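The values are calculated or read from the model by the stated rules, or taken from the named source; none is laboratory data. Since this is a predicted model, take the numbers as computed values, not measurements. Ideal geometry is used to build each Cβ from the backbone, glycine not excepted, and the neighbour counts take in all protein chains shown. Surface areas here come from the heavy atoms of the whole protein model, side chains and all, with no ligands, DNA or RNA. Shrake-Rupley method; radii C 1.70, N 1.55, O 1.52, S 1.80 Å.
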Amino acid sequence: MAPVNDINVQGVRISGINLDSASDEIHQAIKNRQKGYICVTGVHGVTEAQDEPIFRQILNNAFLVTPDGMPMVWMGKLAGDEDIQRVYGPDLMLKVCEEGIEHGTRHFFYGGNDGVAEQLKANLEEKFPGLEVVGTYTPPFRPLNEKENKDLKAMVKKTKPDIVWVGLSTPKQEKFMSEYLDQLDTTLMFGVGAAFDFHAGLVPQAPSWMQTCGLEWLYRLIQEPKRLWKRYLRNNPLFLLRAAGQLTGLRSYRVKA
């Protein structure tokens, strides 16, 4: 397996991968019991990382940081990586679940509102007969208390999943994975955010043409304006401004682990 090239996007290490190579890396890591967490990152994550060094460090210490948004792909292409393609969190989740059936991969869903993880489990088991979802956990909208922390660890220890899928928001899910990876009896953790709501059938996904054109943010903004307007109307212009500075050499960024 060829080594994964990294792309420096404003000091964040984006993995130069596509959907197939990402899946290969993931299945190989599970086979080798190579612990790590995977971040699905686009403009929102990269921009938040500029203001929070600890979050940037969490991203740069990930096993993979997938180019979730088309701007990550465009930055990779401009940096000379011809093979980089968008690795969209919901698509990666489906691919890993489907391909993992023949490997006996065991999955655990952590996150979402009440009932979301259970509905996600039901939908994916129907879509992929033979899929092993060994547990679900719906956390509160706050840090886990001592009992909840103990219960989660016990549940994961008992079910022994290969993958814990984490459906929280960025940067909450990345911080959770960084903190809990070594505490949980699992190999990989994935932060896939809205994929829980998409695959549970609660929120519609943007049309493929909007995703390809880098306009998914607009579709999601129309769907959830109250929740997302600050994120997109602040982060998108900031990202473009910083990207212009990086590409023209007016500003340099270092990837710090």
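Considering all different alpha carbon pairs of the stretch 164-219, the Kirkwood hydrodynamic radius works out to 12.8 Å.
Pair-distance distribution of the stretch 128-257: all C-alpha pairs, bin width 10 Å, starting at 0; shares per bin in whole percent are 10, 29, 30, 24, 7, 0. To put it simply, the accessible area of the chain at a 1.4 Å probe is 52 percent carbon and sulfur. Once both labels are positioned 7 Å from their Cα atoms along Cα-to-Cβ, the gap between Lys256 and Ser169 label points is 2.7 nm. In whole percents, the pair-distance distribution calculated for the stretch 1-61 from its alpha-carbon pairs, binned every 5 Å from zero, is 4, 16, 26, 23, 16, 10, 4, 0. With both bridge residues required to lie in the chain, what share of the DSSP beta bridges run antiparallel, to the nearest 5%? The antiparallel fraction comes to roughly 20 percent.
In the context of the full set of protein chains, residues of the chain present 49 Å² of accessible surface per residue (probe radius 1.4 Å, heavy atoms only). Using every pair of separate Cα atoms, the Kirkwood estimate puts the hydrodynamic radius of the stretch 135-178 at 11.4 angstrom.
Distance between the modelled labels on Thr212 and Arg33, one decimal in nanometres: 4.4 nm (7 Å Cα→Cβ projection). Normalised by residue count, the stretch 45-182 yields a Cα convex hull volume of 132 Å³ per residue.
Per residue, the Cα convex hull of the chain amounts to 125 Å³.
Taking 0.890 mPa s as the viscosity and 25 °C as the temperature, the Stokes-Einstein diffusion coefficient of the stretch 1-121 based on its alpha-carbon Kirkwood radius rounds to 161 µm²/s. For Lys31, the lysines whose Cα comes closer than 17 Å to its Cα, not counting residues fewer than 8 places off in the same chain, are Lys95, Lys160. Per-residue ellipticity at 222 nm, computed for the chain from helices alone with -39500 (n - 2.57) per DSSP H run of at least four residues, works out to -15000 deg cm²/dmol.
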